[in-house]
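The structure appears right after this line, and notes come after that.
The values are calculated or read from the model by the stated rules, or taken from the named source; none is laboratory data. Predicted, not measured: the structure shown is a model, and the values here were computed from it. Virtual Cβ from ideal backbone geometry, glycine too; neighbours counted across all protein chains shown. Heavy atoms of the whole protein, side chains included, go into the accessibility calculation; ligands, DNA and RNA do not. Shrake-Rupley method; radii C 1.70, N 1.55, O 1.52, S 1.80 Å.
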Amino acid sequence: AEQTAREIDFLARNLLQPAYETVLDVCCGTGRHTRELSAFGYRVTGFDSSAYALEIAQRTDPESAYVQGDMRELEHALRDAPEKTFDAVLCLWQSFGYFDDATNEKVLLEFARALNPRGCLVLDIYNPAFFKTRQGGRLVERAGRTFWETKELRGNRLRVELDFGEAHEIFDWQIFTPDEI
């Protein structure tokens with residue numbers, strides 16, 4: 001809750017209304033940011049590929065619109081959304097960079113198409129310099145649950161493995177230096 005409050009405060013300070021009233025939250029998950037931005041008076045559309053996450057989001061935030069789709073086909077997925085273009089597009093928590101260079105560029109073009117002419121993209125991405133000294137494994141405890149996390153830089157990609165014992169997840173992103181992005 002504290003992290004979310006800091007992030008919403010940052011967004012509200014930088015996406016001043018009325019210039020930024022309509023917001024597209026790409027990779028919104030269960031609507032953590034979407035819900036809070038709606039409470040601040042923004043008209044928010046949450047977008048995610050997970051029907052399960054969107055079901056939770058819609059249940060906890062019936063005021064916002066939610067759309068399921070693939071960020072690589074954002075324009076197509078938004079054809080039935082209440083808003084077609086937005087004052088701001090958000091892609092938070094390193095939800096960008098999953099694909100190869102050409103596809104990542106296509107995703108950025110999809111974001112640009114979704115923006116109004118004077119719109120703003122908020123792209124929250126990792127800096128590789130941060131992870132150079134933070135590679136390896138560690139035991140993590142969150143929400144009463146313990147798991148093993150391993151981070152490894154492989155060229156310009158960050159690979160994160162989460163081992164929950166009964167389940168195992170792997171995430172892999174392209175990460176960018178400030179000059180590269």
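Computing the accessible area with a 1.4 Å probe over protein heavy atoms, can you report the carbon and sulfur percentage for segment 61-181?
Working: 3610 of 7260 Å².
For segment 61-181, the apolar C and S fraction of the accessible surface comes to 50 percent.
Length gain on complete extension for the stretch LEU162 to ASP124, per 0.36 nm per residue less the alpha carbon to alpha carbon distance?
Details: separation 38, 0.36 × 38 = 13.68 nm, distance 2.12 nm.
So the chain would gain 11.6 nm between LEU162 and ASP124.
Check cross-link reach from LYS84 to the aspartates and glutamates: straight Cα distance under 17 Å, and skip same-chain residues fewer than eight apart.
LYS84 reaches GLU21, ASP25, ASP48, ASP70, GLU73, GLU75, GLU110.
Roughly how tilted is helix 101-114, in degrees to the nearest 10 and between 0 and 90, from the longest Cα axis of the chain?
Approximately 30 degrees, to the nearest ten.
Within 10 Å, count the other beta carbons around each residue, average over each peptide in 23-35, 141-153, and list them highest first.
Numbers: 23-35: 24.3, 141-153: 11.3.
Top of the packing list down: 23-35, 141-153.
For the pair ARG142 and LEU115, what calculated FRET efficiency results from E = 1/(1 + (r/R0)^6), where r is the Cβ-Cβ distance and R0 = 45 Å, to the nearest 0.05? Write down the numbers at each step before the final one.
On the way: r = 34 Å, r/R0 = 0.75.
Using R0 = 45 Å, I get an efficiency of 0.85.
Which value, in Å to one decimal place, does the Kirkwood hydrodynamic radius take for segment 69-173 when every pair of different Cα atoms is included? Show your work: numbers first, answer last.
Details: mean 1/r = 0.0627 Å⁻¹.
Result for segment 69-173, one decimal place: 16.0 Å.
Taking only protein heavy atoms and a 1.4 Å probe, what accessible area per residue, in Å², does the chain have with all protein chains in place?
Each residue of the chain exposes 57 Å² on average to a 1.4 Å probe.
Among the DSSP beta bridges whose two residues both lie in the chain, what percent are antiparallel, rounded to the nearest 5?
Numbers: 21 of 39 bridges.
Antiparallel bridges: around 55 percent, rounded to the nearest 5.
On alpha carbon coordinates alone, what is the Rg over Rh value for segment 1-57, Rh being the Kirkwood radius?
Values: Rg = 11.2 Å, Rh = 11.5 Å.
My calculation puts Rg/Rh at 0.97.
Which lysines have a Cα lying under 18 Å from the Cα of LYS151, excluding residues fewer than 8 positions away in the same chain?
Leaving aside lysines fewer than 8 places away in the same chain, those within reach of LYS151 are LYS132.
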